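The structure appears below as structure tokens.
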Amino acid sequence: MGAYRIQYAGQGEKAYAGMDDAYKGRFDAAMRRTVGSNPYGHGSSPARRGQEEHRRQITVAGSIVQYYVSDAVAVVTAVQIVRGFR
């Protein structure tokens, strides 16, 4: 499958909207390179061990991102972003 579209919802949408432009550019590039190209790879893991393989988490550009993967429509929805201290 090709690239996944990335969208934001809930707390993830609020955190994304609050990012300054410089960080948002780095974050977007890192999300496309990792989650957007292979949402099950790049060191991601199930958000809760033993549950829902499609609910994932990963560290991207110093932030922890929790997201859902929809293979049927090639969409990743980030629902939570916890920005690290960089």
Mind checking whether some residue in region 29-37 is open to solvent by 40 Å² or more (accessible area, probe 1.4 Å) and not in a helix (DSSP H, G or I)?
yes
Subset of region 1-28 (residues that are outside any helix (DSSP H, G or I) and open to solvent by less than 70 Å² (accessible area, probe 1.4 Å))
Gly2, Tyr4, Ile6, Gln7, Tyr8, Ala9, Gly18, Met19
Among the residues of region 21-79, how many are of a type in the set (Lys, Arg) and touching a helix residue (DSSP H, G or I) at 6+ places or on another chain (Cβ under 8 Å)?
1
So, in region 31-73, of the ones that are of a type in the set (Phe, Trp, Tyr) and under 9 Å from the mean Cα position of the chain (by Cα), which residue ends up farthest from Arg83 (Cα to Cα)?
Tyr68
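The values are calculated or read from the model by the stated rules, or taken from the named source; none is laboratory data. It should be emphasised that the depicted structure is a prediction, and the values quoted were computed from it without experimental measurement. Note that we place each Cβ from the backbone using ideal geometry, even for glycine, and neighbour counts take in every protein chain shown. When the accessible area is computed, the model is the full protein with side chains, heavy atoms only, and any ligands, DNA or RNA have been set aside. Shrake-Rupley method; radii C 1.70, N 1.55, O 1.52, S 1.80 Å.
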